[in-house]
Amino acid sequence: SSALAINVKRDLEEVLVAMEGFADSSVIISSSLGLLGNLSSSSTTTQSSEIVDPRLAKYALPTILHGMKEHRDDVELYMKGCKAMSNLTQNNHAAQQLLTCKEPLGLRIIAEGLKSAQAGDTVLYDDEEILRRLKLRAAATQVLKNLSTHPSLEVKGKIALDRKSTR
């Protein structure tokens with residue numbers, strides 16, 4: 001199990017390095033976010049908290065947010081980014097606090113995902129695009145749900161204030 005943990009950690013680090021080196025390539029960022037989501041998923045590993053070092057989120061979350069910011073129009077990429085953030089913040093209070101309180105882009109990026117395909121906008125999209133945007137909203141909602149499990153009132157207050165300001 002420790003060999004698996006070392007390999008997963010090494011793979012995650014390599015993916016993050018690729019994201020930083022090719023930040024302008026939506027294909028590489030999208031693929032990397034998909035890999036990050038898979039590697040950090042609790043269904044991939046027996047117990048994600050055992051395999052994925054919770055401290056890795058400190059390095060991963062800013063990279064994920066930057067990649068998402070650079071490619072805001074790519075719904076699929078945004079969804080993969082939200083899934084990766086969801087996996088990294090699940091049962092990880094340090095990552096939850098980092099994303100909510102220390103990363104200026106954190107809640108803004110999540111809010112943009114939540115706003116995707118609002119009721120009035122759907123006439124502009126075909127069924128496939130509406131489905132893609134609904135999946136994005138579901139992934140962003142899961143990140144917010146994870147963040148709301150943090151015991152700190154500072155984190156919960158920040159979420160509540162940000163939700164009010166982004167409506």
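The values are calculated or read from the model by the stated rules, or taken from the named source; none is laboratory data. Predicted, not measured: the structure shown is a model, and the values here were computed from it. Note that we place each Cβ from the backbone using ideal geometry, even for glycine, and neighbour counts take in every protein chain shown. Surface areas here come from the heavy atoms of the whole protein model, side chains and all, with no ligands, DNA or RNA. Shrake-Rupley method; radii C 1.70, N 1.55, O 1.52, S 1.80 Å.
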Whole-Hz Karplus ³J(HN,Hα) for region 67-73, in order, using 6.51 cos²θ - 1.76 cosθ + 1.60 and θ = phi - 60°, x for Gly and Pro?
x, 5, 5, 5, 10, 4, 7
Stokes-Einstein D in µm²/s, Kirkwood radius over Cα pairs - the chain at 37 °C with 0.692 mPa s viscosity
205 µm²/s
So what's the back-of-envelope 222 nm ellipticity for the chain, counting only DSSP H runs of four-plus at -39500 (n - 2.57) apiece and dividing by all residues, rounded to 500?
-22000 deg cm²/dmol
Report the net charge of residues surrounding Asn7, where surrounding means a beta-carbon distance below 13 angstrom and charges are Lys +1, Arg +1, Asp -1, Glu -1.
-2
The FRET efficiency for Lys69 and Asn7, from their Cβ-Cβ distance with R0 = 25 Å and rounded to 0.05, is 0.25
In the chain, with Lys and Arg counted as +1 and Asp and Glu as -1 at Cβ, which of these residues, Val15, Thr100, Leu134, has the Cα nearest the positive end of the dipole, that is, farthest along it?
Thr100
For region 147-162, in order, what is each residue's ³J(HN,Hα) by Karplus, 6.51 cos²θ - 1.76 cosθ + 1.60 with θ = phi - 60°, in whole Hz (x at glycine and Pro)?
4, 6, 7, 5, x, 6, 5, 4, 5, 5, x, 4, 4, 5, 5, 5
How much net charge surrounds Met79 when only the other residues with a Cβ under 10 Å from the Cβ of Met79 are counted, with Lys and Arg +1 and Asp and Glu -1?
+4
Nearest-10 value in Å² for the accessible area of Asp127, using the 1.4 Å probe
130 Å²
Charges at C-beta only: +1 for Lys and Arg, -1 for Asp and Glu. How large is the resulting dipole of the chain about its Cα centre, in Debye rounded to 20?
780 debye
Calculated from backbone phi, Karplus (6.51, -1.76, 1.60) coupling profile of region 35-41 in Hz, x at Gly/Pro
5, 4, x, 5, 5, 9, 6
